[in-house]
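Report on the structure given below.
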Amino acid sequence: MIETVLIVDDEDLIRETVALALNDEGYGVMQAQDGRQALELTRQVDKLDLIVLDLMLPYLNGLDLCRLLRKEGNAVPILMLTAKGSETDRVVGLEVGADDYLTKPFGMRELIARCRAILRRQARMQAPGDNTETLHCGDILMNLQECRVLVRDLEVSLSPKEFRLLELFMRNPRRVWSREQLLERVWGPDFMGDSKTVDVHIRWLREKLEKDPSHPEYLVTVRGFGYRFG
């Protein structure tokens, strides 16, 4: 079955260039030139496999559109495009539900590669007859039955405690956990060690999950409270 991509961008040249490139790769393509039009299309079309979404749009910007789709329960993967490249912009995009983030100007080969990677992850999660429970957030895909974690399509090796810690975070995105709560849930109520073991495991997880562990996008420190995921 042909996978369908919705391209949302108010710049005609960019939108049509991306559409042509995706068509050449064998994807079905739909186009919208503003956020309101894109929202209506997502409500009318039975099946969309990916949205390539510009951040700066008329009437309804990309962040608000992404937020609305997730609020409505629409889980279609989103690749967000923007001329803004700061860490804050990337984090905000991911926090409202985007799956990946690409800064303009971008190379068409990179955009195609990112689209393929997102669609591969989605296909693995929706494979017919596959009842394996998975958790997915951004670049991270967790297979609970097989105890495997993929980060940017590469498998990473986690210790049992790291795996359980990540699972807890991914099941509760954006919830803030104190060290004491994490110790009780992951290490158990009888654990008598130092609470700093949580900090150590967070550091190890960041090294395996984050593009830049010193500026994490996923495992975020909430000063004075603890940690949250995303």
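Here, each number is a calculation from the coordinates, and none is a lab measurement. Because the structure is predicted, anything quoted here is derived from the model rather than measured. Glycine gets a Cβ as well: all are built from the backbone with ideal geometry, and neighbour counts include every protein chain shown.
The Cα atoms of the stretch 4-125 give a gyration tensor whose axes a ≥ b ≥ c have a/c under 1.5, which makes the shape rounded.
Among the trypsin sites (Lys or Arg not before Pro) found in the stretch 145-206, those both in a DSSP coil and sparsely packed, with 10 or fewer other Cβ atoms within 10 Å of their Cβ, are ARG174. Across the stretch 34-64, the residues whose backbone nitrogen lies under 12 Å from the label position 7 Å along the beta-carbon direction of PHE106 are 51-55. Within the straight-line cut-off of under 16 Å between alpha carbons, the aspartates and glutamates reachable from LYS104 are ASP9, ASP10, GLU11, ASP12, GLU16, ASP54, GLU87, ASP89, sequence neighbours fewer than 8 places apart in one chain being disregarded. Listed by chain and number, the lysines placed with their C-alpha closer than 18 angstrom to that of LYS208 are LYS161; residues fewer than eight positions away on the same chain are left out.
Can you show me the helix-derived [θ] at 222 nm for the chain, built from DSSP H runs with n ≥ 4 at -39,500 (n - 2.57) apiece and divided by the number of residues, rounded to the nearest 500.
Working: 8 runs with 90 residues, N = 230.
Taking each H run of at least 4 residues, the total per residue is -12000 deg cm²/dmol.
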